[in-house]
Amino acid sequence: MRMIDLPPDSDDLIYQAAALLVEGFRDHWPDAWPDMDAALKEVREALGPDRICRAAIDDDGTLLGWIGGIEQYDGHVWELHPLVVKVDQQRSGIGRALVADFEDRVRERGGITITLGTDDEDNMTTLSGIDLYPNVWEHIARVRNLRGHPYEFYQKLGYVITGVMPDANGIGKPDILMSKRAAQQKDPAGC
């Protein structure tokens, strides 16, 4: 497996990237990219000059997964969006490798923080299917993973829950916000 910039002139890899979005999000987030048209639009946006778009490919040139990033706050913060791995290749280290590569690219560009949102539209955590108001932080402090929600994957990579957007996807369907420092932390006295 090797990591590359997803080539904007490779129709084959772009199509494979779109197909991964449709397939990879079908079970838990079917409205994310419900069809190839929506997925192709997402891939093309991810290939913009102010974005990061990296791909993991095997020796035969088959796309195993890809990750995108969106610059925010004048490049101090990068949003990780999206991350997808072929369904039959999940839990094999590809996602972890893509995130590590993405973090390297963010550091190269001078980014300080990486953030992401990981929706819970399907009652996969204790934050879904309830009214989070008015005590949002109490709910976050007691969050539990009920059915394989990806927030724990990101926690294993050093990301922490930095907030929740209640009802982001409808009543009782929050977006779990996570972040991680990408840059080396300076001595607090030298900040």
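Bear in mind that the values in this text are calculations on the coordinates, not laboratory data. Note that the structure is predicted; figures quoted are calculated from it, not measured. Cβ sites come from the backbone with ideal geometry, for glycine too, and all protein chains shown count toward neighbours.
Worth pointing out:
- Listed from fewest to most Cβ neighbours within 10 Å, the set V160, V22, V99 follows the order V160, V22, V99.
- The chain: relative contact order in percent, alpha carbon pairs under 8 Å with at least 6 residues between: 17 percent
- Kyte-Doolittle mean at least -1.0, axial Cα span of 20 Å or more - DSSP H helices of the chain: 11-25, 94-108
- Radius 10 Å from Cβ of L80, net charge of other residues (Lys, Arg +1; Asp, Glu -1): -1
- A straight Cα-to-Cα reach below 16 Å connects K173 with the aspartates and glutamates D27, D31, D119, D120, E121, D122, D131, residues fewer than 8 places away in its own chain not being considered.
- Value of relative contact order over region 95-191, rounded to a whole percent, pairs C-alpha under 8 Å and six or more apart: 36 percent
- Efficiency of FRET between V87 and W137 - r from beta-carbon atoms, R0 45 angstrom, step 0.05: 0.85
- Gain on full extension, evaluated as 0.36 nm per residue between D37 and N145 minus their Cα-Cα distance, stands at 35.7 nm.
- Qualifying trypsin sites (Lys or Arg not before Pro) for region 72-114 [loop in DSSP, other Cβ within 10 Å: at most 10]: R91
- Helix-only mean residue ellipticity at 222 nm for the chain, each DSSP H run of n ≥ 4 adding -39500 (n - 2.57), per residue, nearest 500: -8500 deg cm²/dmol
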